[in-house]
Amino acid sequence: MTNPMLEARGLAKSFTLHGRGGVQLPVFADVDLQVRSGECLALTGRSGSGKSSLLRCLYGNYAASAGEVGVRHQGEWLALSKAQPREVLAVRRDTLGYVSQFLRVIPRVPALDVVAQPLRQLGVGIEEARERAGAWLARLNLHPRLWQLPPATFSGGEQQRVNIAHGMIAAQPILLLDEPTASLDAANRAVVVDLIREACARGAAVIGIFHDEEVRDAVATGRLDLEAFRT
Ligand SMILES: Nc1ncnc2c1ncn2[C@@H]1O[C@H](COP(=O)(O)OP(=O)(O)OP(=O)(O)O)[C@@H](O)[C@H]1O
């Protein structure tokens, strides 16, 4: 069995509601998980059980209330929860990709350059980065007439496809996916299923939230039900 690519131990999250006199909102506690190269772990549980919050803790967007997250980065094990901000940025660039539910739109930047940007960060030249971005957008059926437009006015499904291309183009070895197929039609859902399976086949370790059961069945190699970690 290969080494884990990402591991969480004793992870807990509770929110402090500062606007409500510091009331604590516990979400989950004592989460242990591991994901290895080629695996796709699906997070399950009812709405509000903390699936998105867990992904954000793994990515480092939310500080965990307790516990640790580690990742294999450049062949070394790195305790992400204790890493310096500079190291976290390097991990996100090279190792840990994240497809959020919604595209964070950057004003005036065309869709093609939004998708090319992770490759530019890795030092890929502008022409090659745009060419590869175009291939991703074509694969995701985004009409070429939209490529030079900023995605702010795109439909929900168009924005999501730009988001998926942006989140997956750098082919990081670990991918966190928060409902990547939520606003897609059947044809584009099938494309995204293929992309996730191809990522696992090239050795990526994937953790995702997939509300669509067909999608989940098609990609998941394991499941973690967050109901078991309610506090
Ligand atoms: N930034 C925040 N501040 C306060 N509470 C939050 C914050 N983010 C999430 N929560 C709360 O944490 C709980 C878990 O939310 P989360 O979005 O992680 O659940 P989920 O399982 O992903 O839900 P869904 O399936 O509906 O997307 C919810 O009760 C939510 O209100």
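The values are calculated or read from the model by the stated rules, or taken from the named source; none is laboratory data. Small disclaimer: the values here were computed from a predicted structure and weren't measured. Reconstructed Cβ throughout: ideal geometry from the backbone, glycine too, with neighbour counts over all protein chains shown.
Mind checking which residues of the stretch 121-138 are more than 19 Å from the chain's Cα centre (by Cα) and either closer than 28 Å to VAL35 by Cβ or not basic (Lys, Arg) (or both)? Let's see the steps before the verdict.
Here is the first cut: in the stretch 121-138, the residues more than 19 Å from the chain's Cα centre (by Cα) are 123-132, 134-135, 138.
If the condition is that a residue be more than 19 Å from the chain's Cα centre (by Cα) and either closer than 28 Å to VAL35 by Cβ or not basic (Lys, Arg) (or both), then GLY123, VAL124, GLY125, ILE126, GLU127, GLU128, ALA129, GLU131, ARG132, GLY134, ALA135, ALA138 are the ones that fit.
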Worksheet item: So is ALA90 surrounded by 14 or more Cβ atoms within 10 Å (Cβ to Cβ), of a type in the set (A, V, I, L, M, F, W, C) and farther than 26 Å from ARG202 by Cα or not?
Response: no
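Take the residues in the stretch 17-34 that are out of contact with any Ser or Thr (no Cβ under 9 Å at 6 or more places or on another chain) and modelled with pLDDT of 95 or more; name whichever of them is farthest from PHE229 (Cα to Cα). Write out each step before concluding.
Initial filter on the stretch 17-34 (out of contact with any Ser or Thr (no Cβ under 9 Å at 6 or more places or on another chain)): 17-21, 31-34.
After this cut, where a residue has to be modelled with pLDDT of 95 or more as well, the list is 31-34.
On the way: VAL31: 6, ASP32: 10, LEU33: 12, GLN34: 15 Å.
The extreme case among them is GLN34.
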Response to the item:
Selection over the stretch 9-42 where residues are more than 8 Å from the ligand (Cβ to nearest atom) and more than 20 Å from the chain's Cα centre (by Cα) yields a count of 13
Worksheet item: Just checking, how many residues over the stretch 150-176 are touching a helix residue (DSSP H, G or I) at 6+ places or on another chain (Cβ under 8 Å) and farther than 16 Å from ARG93 by Cα?
Response: 8
Item to complete: Kindly indicate the residue of the stretch 43-64 that is within 12 Å of the ligand (Cβ to nearest atom) and without any contact (Cβ under 8 Å) to a residue 60 or more places away in the chain and also surrounded by the most Cβ atoms within 10 Å (Cβ to Cβ) among those meeting that condition.
Response: CYS57
